[in-house]
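**Q** I'd like to ask you about the structure that follows.
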Amino acid sequence: MKSPVITIRNAAATAKINIHKLRGNVSVLEGSGGNITVLTGRDGKLLVDSGISRPQVEDALASLSKEPVRHLINSHWHFDHTDGNEWLHSVGAEISAHENTRKHLSVNTRVEDWNFTFSPAPVGALPAKLITTDQTRHLNGTTVVLKRYDPSHTDSDLSVEFQEANVIAVADTFWNGAYPFIDHSTGGSLGGLIRAAEANIANTNDETIVVPGHGPIGNKSQLIEFRDMLVAVRQKVADLKKHGKSLDETIAAKPTSDYDAKWGGFVIDGNFFTRLVYAGI
Ligand SMILES: [Zn+2]
């Protein structure tokens, strides 16, 4: 199988970035790997995630405002959220992340379900500031709250909330309108992802703007739909597994068929998602 990592990196090289102004001084850049959330202001830009392709991200950032990027937070260690770390560090960004992000970026890390082994990242790409406990920062007239998730999509996931604007970036614990990847190689699990979805629902209200790791800007009701889909698919796959079905038999039974039209159109199709869920039950 050709690794999706190569497909995604190639696509990002020519992708166009769409800029969405959300609320207050918070915007999102969509199109270079995972969504990139940007807080602008006189203290310098703060980014959540660094995307993949430098030229497009650099142009998009310049079009938002003149200030340099001073702060970069990695929502987790995956390449489509951290490939841009090195160049952003080289132009002055201090990188913050969960300690497991630094750990996985520092060594050869194999992701079995992507059929890919990542080499250690260059020193400049490594987070220098480790988020070992929840913390609050005051920047650009905004209260920025960083929270650690228990292991869910990976063992390195963080949310970043911009309180006055009521915007929250929830890393890859939420894929809006797409089946999520679950990285069993670095601590991810379906149960953990469902618990993260519950935490996201509890942490938002009807006015909250929710920035998913992938997919369009969302809201609380879409977080609920996502959680409900995860719970329903887990139940269907668990029933098949309990009745002794092998992985191939489970995939052939199409447990995701009710959901594929809505959720199966991105990187992870129904069969791939069934395989991920089966492995985690
Ligand atoms: Zn990810």
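The values are calculated or read from the model by the stated rules, or taken from the named source; none is laboratory data. All of these numbers come straight from a predicted model, not from anything done at the bench. Please note: Cβ atoms are built from the backbone with ideal geometry, for glycine as well, and neighbour counts cover all protein chains shown. Side chains are part of the model used for accessible areas, which takes the heavy atoms of the whole protein and leaves out ligands, DNA and RNA. Shrake-Rupley method; radii C 1.70, N 1.55, O 1.52, S 1.80 Å.
**Q** With the contact rule set at Cα under 8 Å and sequence spacing of 6 or more, what percent relative contact order holds for the chain? The partial results should precede the final answer.
**A** Values: 601 pairs, mean separation 37.2, N = 281.
Answer for the chain is 13 percent.
**Q** Let me ask another. Got a number for carbon plus sulfur as a percent of the stretch 229-276's accessible area, 1.4 Å probe?
**A** Values: 1320 of 2610 Å².
Exposed carbon and sulfur together represent 51 percent of the surface.
**Q** Name the shape class, rounded, prolate or oblate, that the alpha-carbon gyration tensor gives for the stretch 1-150, where a ≥ b ≥ c are the square roots of its eigenvalues, rounded holds for a/c under 1.5, and otherwise prolate holds if a/b is larger than b/c and oblate otherwise. Walk me through the numbers before you get to the answer.
**A** On the way: a/c = 1.88, a/b = 1.27, b/c = 1.48.
Oblate.
**Q** Continuing with the same structure: Just to be sure I understand the model, the point goes 7 Å from the Cα along the line to the Cβ. What's the resulting T7 to R42 distance in nm?
**A** 4.8 nm
**Q** Now, a different point. Hey, can you rank 85-95, 16-26, 49-59 by average C-beta count inside 10 Å, highest first?
**A** Details: 85-95: 18.7, 16-26: 16.1, 49-59: 20.7.
With the highest mean Cβ count within 10 Å placed first, the list reads 49-59, 85-95, 16-26.
**Q** What is the sum of charges, Lys and Arg at +1 and Asp and Glu at -1, for the other residues whose Cβ falls under 14 Å from the Cβ of A197?
**A** Around A197, the charge tally is -2.
**Q** Along each of the three principal axes of the Cα atoms of the stretch 153-206, give the extent in whole Å, ordering the values from largest to smallest.
**A** Result for the stretch 153-206: principal-axis Cα extents of 36, 21, 17 Å.
**Q** Across all directions of projection, what mean area in square nanometres is found for the Cα convex hull of the chain?
**A** On the way: hull surface 54.3 nm².
Over all viewing directions, the chain projects a mean Cα-hull area of 13.6 nm².
**Q** Calculated from DSSP H runs of 4 or more alone, at -39500 (n - 2.57) each and per residue, what is the 222 nm mean residue ellipticity of the chain, nearest 500?
**A** On the way: 10 runs with 96 residues, N = 281.
Using -39500 (n - 2.57) per qualifying helix, the result is -10000 deg cm²/dmol.
**Q** Using a 10 Å cut-off on Cβ atoms, rank the peptides 63-71, 130-138 from the highest mean neighbour count down. Show your work: numbers first, answer last.
**A** On the way: 63-71: 15.2, 130-138: 12.3.
My ranking of the peptides, most packed first, is 63-71, 130-138.
**Q** Normalising by the residue count of the stretch 156-281, find the relative contact order in percent from Cα pairs under 8 Å and 6+ residues apart. Present the calculation step by step, with values, prior to reporting the outcome.
**A** Numbers: 174 pairs, mean separation 36.0, N = 126.
That works out to 29 percent.
**Q** If I stretch the segment between I19 and K242 completely, what's the gain in nm (0.36 nm per residue apart, minus their alpha carbon distance), one decimal? Don't skip to the end; give the middle numbers.
**A** Working: separation 223, 0.36 × 223 = 80.28 nm, distance 4.60 nm.
Result for the pair: 75.7 nm of gain on full extension.
**Q** How about K103: which aspartates and glutamates have a C-alpha closer than 14 Å to its C-alpha, ignoring those fewer than 8 places off in the same chain?
**A** Within reach: D155, D157.
**Q** Could you work out how far helix 190-202 tilts from the main Cα principal axis of the chain, as a 0 to 90 degree angle to the nearest 10?
**A** The answer is roughly 50 degrees.
**Q** In nm, to one decimal, how far is the T143 label point from the N108 one, both placed 7 Å along Cα→Cβ?
**A** Between T143 and N108, the simple spin-label model gives 4.7 nm.
**Q** Rounded to whole Å and sorted largest first, what semi-axes of the equivalent ellipsoid does the C-alpha gyration tensor of the stretch 79-121 yield via the square root of 5 times each eigenvalue? Intermediate results must be reported in sequence, preceding the final value.
**A** Working: eigenvalues 89, 25, 14 Å².
Here the semi-axes work out to 21, 11, 8 Å.
**Q** Tell me, what is the percent relative contact order of the stretch 60-213, built from C-alpha pairs under 8 Å that lie six or more residues apart? Numbers along the way, then the final one.
**A** Values: 290 pairs, mean separation 30.3, N = 154.
Taking the mean separation of contacting Cα pairs over the length of the stretch 60-213, I get 20 percent.
**Q** Still on this model: What is the Cα centroid distance between the stretch 94-145 and the stretch 1-52, reported in whole angstrom?
**A** Taking the Cα centre of each part, the stretch 94-145 and the stretch 1-52 sit 16 Å apart.
**Q** Checking the a/c ratio against 1.5 first, then a/b against b/c, what shape does the Cα gyration tensor give for the stretch 116-185? Write out the running numbers ahead of the final one.
**A** Working: a/c = 2.16, a/b = 1.29, b/c = 1.67.
In terms of gyration-tensor shape, oblate.
**Q** Relative to the Cα centre, what is the charge dipole magnitude of the chain, using +1 at the beta carbon of each Lys and Arg, -1 at the beta carbon of each Asp and Glu, and rounding to the nearest 20 debye?
**A** On the way: 28 positive and 32 negative charges, 28 e Å.
Taking the Cα centre of the chain as origin, the dipole is about 140 debye.
**Q** Kindly rank 38-48, 249-259 from highest to lowest mean number of other beta carbons found within 10 Å of each residue.
**A** Numbers: 38-48: 21.1, 249-259: 17.1.
Output ranking for 38-48, 249-259: 38-48, 249-259.
**Q** In the chain, what % of DSSP beta bridges are antiparallel (nearest 5)? List each step's numbers first, then the result.
**A** Details: 29 of 42 bridges.
Counting only bridges with both partners in the chain, antiparallel ones make up about 70 percent.
**Q** Put +1 on the Cβ of each Lys and Arg and -1 on the Cβ of each Asp and Glu in the chain; which of A232, P216, H78 then has its Cα farthest toward the positive end of the dipole?
**A** Positive-end residue among those listed: H78.
**Q** Can you give the % of DSSP beta bridges in the stretch 65-165 that are antiparallel, to the nearest 5?
**A** On the way: 13 of 18 bridges.
Percent antiparallel among DSSP bridges in the stretch 65-165 is about 70.
**Q** While we're on this one: Using only the alpha carbons of the stretch 111-242, determine the length spanned along each of the three principal axes and report them from longest to shortest in whole angstroms.
**A** Cα spread of the stretch 111-242 along its principal axes, largest to smallest: 52, 41, 25 Å.
**Q** Using 1/(1 + (r/R0)^6) with R0 = 25 angstrom and r between the beta carbons of A252 and T117, what's the FRET efficiency to the nearest 0.05?
**A** Working: r = 30 Å, r/R0 = 1.21.
Plugging the Cβ-Cβ distance into 1/(1 + (r/R0)^6) gives 0.25.
**Q** Give K147/K245; K2/K245; K66/K129; K16/K236; K2/K254 a once-over and call out the pairs whose C-alpha atoms are over 32 Å from each other. Show your work: numbers first, answer last.
**A** Working: K147/K245 39 Å; K2/K245 27 Å; K66/K129 25 Å; K16/K236 38 Å; K2/K254 23 Å.
Flagged as over cut-off: K147/K245; K16/K236.
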